[in-house]
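> Please read through the structure below; I'll follow up with questions.
The values are calculated or read from the model by the stated rules, or taken from the named source; none is laboratory data. Here the structure is a predicted model, which means the values were calculated and not measured. No Cβ is skipped: glycine too gets one built from the backbone with ideal geometry, and neighbour counts run over all protein chains shown. What goes into the accessible areas is simple: the full protein's heavy atoms, side chains included, and nothing from ligands, DNA or RNA. Shrake-Rupley method; radii C 1.70, N 1.55, O 1.52, S 1.80 Å.
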Amino acid sequence: MTAYDVGLLILRLVLGLTMAAHGYNKFFGGGRIKGTAGWFDSMGMKPGIFHARVAATTEVAAGLGLAVGLLTPVTAAGFVALMLVAAWTVHRHNGFFIVKEGWEYNLVLAAAAVAVAATGAGRLSLDYALFGNTGFYDLLHGWTGLAIAVVLGLAGGIGQLAIFYRPPATS
């Protein structure tokens, strides 16, 4: 074990558990799925109940997956898709800075997840434990990991926006 592996573990845990907490909150916090669905409907992501369930499930799955380092480029792609949709539907009109509800936080989470996909989850991960001595492990980091995270994440986010996003009319 090296400081590099411990550093990656810390980064994965913080990123992953933060994302999973957002999903948990959609399921069990304040307005629960019903309240989240109403919010999604109001911003133009219809049907809201579908998107509330998909977002909450993806946040929990991608978050926990990144935290434990399982199929890291795929879980990082979940971060990219989620943060692209959030940045576009909620934050883009507010500018960059999070203090004004801008898209800064979305960018940091997505970019950090992609960076983990590129470097690999490290030796303290399920990727290494399950696939460390196989050729499959080589696909879970480096240029391939980076490409999977970016391409799959952008395809998922852009696809969701193209198919489902209908911005509310402004007066």
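> If amide hydrogens are placed 1.01 Å from N in the peptide plane, which non-local residues have theirs closer than 5 Å to the one on K46?
R166
> By how many degrees, between 0 and 90 and to the nearest 10, does the Cα long axis of helix 153-164 differ from the longest principal axis of the chain?
20 degrees
> For K100, list the lysines whose Cα falls under 24 Å from its own Cα; do not include residues on the same chain fewer than 8 positions away.
K26
> With everything on Cα atoms, drop me the angle between helix 32-43 and the longest principal axis of the chain, reported from 0 to 90° to the nearest 10.
Approximately 70 degrees, to the nearest ten.
> Over the chain, average the accessible area per residue using a 1.4 Å probe and give it in Å², no decimals. Write down the numbers at each step before the final one.
On the way: 9110 Å² over 171 residues.
In whole numbers, the chain has 53 Å² accessible per residue.
> Further question: List the chymotrypsin sites (Phe, Trp or Tyr not before Pro) within segment 88-162 that DSSP assigns to loop and that have no more than 16 neighbouring Cβ atoms inside 10 Å.
Details: sites: W88, F96, F97, W103, Y105, Y128, F131, F136, Y137, W143; in loops: F96, F97, W103.
When the chymotrypsin sites (Phe, Trp or Tyr not before Pro) of segment 88-162 are filtered for loop state and at most 16 Cβ neighbours within 10 Å, F96, F97 remain.
> Can you give me the convex hull volume of the Cα atoms of segment 16-97, divided per residue and expressed in Å³?
Details: hull volume 7.5 nm³, N = 82.
Looking at segment 16-97, the number lands at 92 Å³ per residue.
> Carbon-plus-sulfur fraction of the accessible area of the chain, 1.4 Å probe, in percent?
Working: 6530 of 9110 Å².
That fraction is 72 percent.
> Another one. Simple spin-label model, 7 Å along Cα-to-Cβ: N133 to I49 in nm?
Each label point lies 7 Å from its Cα, and together they span 5.0 nm.
> Only Lys, Arg, Asp and Glu count, each charged at its Cβ (+1, +1, -1, -1), so figure out the dipole size of the chain about its Cα centre, rounded to 20 debye.
Roughly 500 debye for the chain.
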